[in-house]
């Protein structure tokens, strides 16, 4: 009898620990409406580092493009700051490169609580003529969940950490000052 209970318990734990692919991560940033851009054109390039470990663990699906989601959010923030989007570097007053340097998501195994460790790093490189400014932002989080995170919960946690990192960037007074400087 105890063997059957152990086998059932093992099957339940194994089933709860598996994670399906995250197909959609949607960071959502709250922006300030500032007219610091005054219609100047910004060429926006978003680079997403390879997150092979997330694909290997099945946390990101092969057809998911994180850079597209980040570009949508950063473009919206720039629009709210009064900037226009340039379609090429030649027609831009400045170039903003956004790079996801790190996105780590680790769900541990514990019989009582599932620890989840996340780390995110995003770098903004602002180039105006020959002058380049680099701003780096990072977020570190840990959670203890009663069960292994579901697809929806994993998507929510990754979206939240990306949102926090982007939110700090668009609220950073030094970054805003450099964007607004002529």
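Bear in mind that the values in this text are calculations on the coordinates, not laboratory data. These numbers come from a predicted model, not from an experiment. Cβ placement follows ideal geometry from the backbone for every residue including glycine, while neighbour counts extend to all protein chains displayed.
Observations on the structure shown:
- Enclosing the Cα atoms of segment 32-180 in their convex hull gives a volume equal to 110 cubic angstrom per residue.
- Between residue 133 and residue 172, the contour length at 0.36 nm per residue exceeds the alpha carbon distance by 12.7 nm.
- Each of 25, 116 was scored by other Cβ atoms within 10 Å of its Cβ. Arranged with the fewest first, they read 116, 25.
- Residues 117, 175, 124 arranged by fewest to most Cβ contacts within 10 Å: 117, 175, 124
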